[in-house]
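Take a look at the structure set out below.
The values are calculated or read from the model by the stated rules, or taken from the named source; none is laboratory data. Keep in mind it's a predicted model, so treat the numbers as computed, not measured. Every residue, glycine among them, receives a Cβ derived from its backbone with ideal geometry; neighbour counts consider all protein chains shown.
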Ligand SMILES: Cc1ncc(COP(=O)(O)O)c(C=O)c1O
């Protein structure tokens, strides 16, 4: 008996996060909140241990007319004011390329739609070696293979590995589709420098002399960069792309507006030629209509209202959390340095990741749980969600983690 198509992969999802969330919850019930370090939850939490919600966002949403909340969106690609506001907010005047916007259910929709429509089954998608788990699942669901570039060489981006991975993939197929999750990479917190971006674009232009290139830039955490508007300057590097390169910027209001459940985001399509963006738009629009039809109208209206009337309030309110995140990160990193705990080169973002091989990681993850410290296993590392951890819990944590690591090595 079988009810799904032969090619479907029947292995259940192994969710490395939710299983540990459950264990952390049980530990809190048994030993009390104070005794447990919960470094699992990947959403922003307040110092009081509550999910952070921006008042600018939710007061705006709740004040929308019922009719606006009830309505379908204006089109399958999203509402025009939402599309314009996304361009203004995300690109912040840093792009002279042709542009189109497709509203999507979160960043997931934008990345998923790009992967689905830019590669044929059997072709290879390029992703970072340490990455958000959904990329691999999306590749699997579309019958794609994966090639992974190593992320770091010492404290900077591993350009040599990135280039070698692209070259190797080009030997077997006529196009290059790759994901760069930047700034605030999940889970390491690395952000590329402008120089690194320039080198990447120059390399992709070289590749594009013989291959079509699609760069998917996943910017899920961009609005929690400690650099504010400066963090968007690297988009100017994309102006140098050649005609055979397209960039798809995957934007999400999940993090930017602390509204994970509203399921709203966008694929921003960028190219040097009008034909380039038009072709992507035509195909993505049909894909949207066939998959989710249209996007949550209330979420788009909320975003547009804030951008047009309350932008400064929103920025000021969000900044408090950006500062809080930085305080937590600074404290953890300072103590990690003192303790000699090795972390991947963190610059900004929701997570810090400890660097280690996968054998050590497995033993260490267990040992940490025995000491009531709950974290998430990632490839070659242990992810610590500083985004959801109050400062009082961050304090002293790196030293404790180093001591536990010494017992398993
Ligand atoms: C790296 C990365 N990209 C994209 C997303 C997409 O999130 P959403 O679909 O909620 O916008 C996430 C969410 O965790 C993420 O970590």
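Just checking, how many residues over segment 200-227 are more than 16 Å from the ligand (Cβ to nearest atom), under 28 Å from residue 168 (Cβ atoms) and within 22 Å of the chain's Cα centre (by Cα)?
Adding up the residues that qualify gives 5.
Being assigned to a loop (DSSP other than H, G, I, E, B) and under 20 Å from the mean Cα position of the chain (by Cα) is the filter here; which residues of segment 228-260 pass it?
Within segment 228-260, 257, 258, 259 meet the criteria.
Can you tell me which residue among 42, 49 is surrounded by 11 or more Cβ atoms within 10 Å (Cβ to Cβ), closer than 22 Å to residue 138 by Cα and assigned by TED's automatic domain parsing to the domain that holds residue 380?
Working: 49 fails: closer than 22 Å to residue 138 by Cα.
On inspection, the qualifying residue turns out to be 42.
Against the definition (touching a strand residue (DSSP E or B) at 6+ places or on another chain (Cβ under 7 Å) and in a helix (DSSP H, G or I)), how does residue 213 come out, yes or no?
no
So which of 230, 173 ends up being surrounded by fewer than 18 Cβ atoms within 10 Å (Cβ to Cβ) and touching a strand residue (DSSP E or B) at 6+ places or on another chain (Cβ under 8 Å)?
Being surrounded by fewer than 18 Cβ atoms within 10 Å (Cβ to Cβ) and touching a strand residue (DSSP E or B) at 6+ places or on another chain (Cβ under 8 Å) holds for just one of 230, 173, which is 173.
Looking at the structure I just gave you, is residue 265 in contact with a strand residue (DSSP E or B) (Cβ under 8 Å, 6 or more places away or on another chain) and surrounded by 15 or more Cβ atoms within 10 Å (Cβ to Cβ)?
Numbers: in contact with a strand residue (DSSP E or B) (Cβ under 8 Å, 6 or more places away or on another chain): yes; surrounded by 15 or more Cβ atoms within 10 Å (Cβ to Cβ): yes.
Yes.
Being in contact (Cβ under 8 Å) with a residue 24 or more places away in the chain and surrounded by fewer than 19 Cβ atoms within 10 Å (Cβ to Cβ): is that true of residue 145 here?
Numbers: in contact (Cβ under 8 Å) with a residue 24 or more places away in the chain: no; surrounded by fewer than 19 Cβ atoms within 10 Å (Cβ to Cβ): yes.
Considered against the rule, which asks whether it is in contact (Cβ under 8 Å) with a residue 24 or more places away in the chain and surrounded by fewer than 19 Cβ atoms within 10 Å (Cβ to Cβ), residue 145 comes out as no.
Among the candidates 302, 307, which residue alone is within 16 Å of the ligand (Cβ to nearest atom), surrounded by 15 or more Cβ atoms within 10 Å (Cβ to Cβ) and in a helix (DSSP H, G or I)?
So the residue among 302, 307 that is within 16 Å of the ligand (Cβ to nearest atom), surrounded by 15 or more Cβ atoms within 10 Å (Cβ to Cβ) and in a helix (DSSP H, G or I) is 302.
Hey, does segment 265-288 have a residue that's over 16 Å from residue 118 (Cα atoms), part of a helix (DSSP H, G or I) and within 16 Å of the ligand (Cβ to nearest atom)?
No, every residue in segment 265-288 fails to be over 16 Å from residue 118 (Cα atoms), part of a helix (DSSP H, G or I) and within 16 Å of the ligand (Cβ to nearest atom).
One line per residue, one yes/no per condition, for (1) modelled with pLDDT of 95 or more; (2) within 22 Å of residue 280 (Cα to Cα); (3) within 16 Å of the ligand (Cβ to nearest atom); (4) not assigned by TED's automatic domain parsing to the domain that holds residue 280:
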| site | (1), (2), (3), (4) |
| --- | --- |
| 125 | yes, yes, yes, no |
| 147 | yes, no, no, no |
| 151 | yes, no, yes, no |
| 159 | yes, no, no, no |
| 162 | yes, no, no, no |
| 165 | yes, no, no, no |
| 173 | no, yes, no, no |
| 176 | yes, yes, no, no |
| 179 | yes, yes, yes, no |
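So residue 191 fits all but one of (1) within 16 Å of the ligand (Cβ to nearest atom); (2) surrounded by 18 or more Cβ atoms within 10 Å (Cβ to Cβ); (3) over 20 Å from residue 381 (Cβ atoms); what number is the exception?
Residue 191 satisfies all of (1) within 16 Å of the ligand (Cβ to nearest atom); (2) surrounded by 18 or more Cβ atoms within 10 Å (Cβ to Cβ); (3) over 20 Å from residue 381 (Cβ atoms) except (3).
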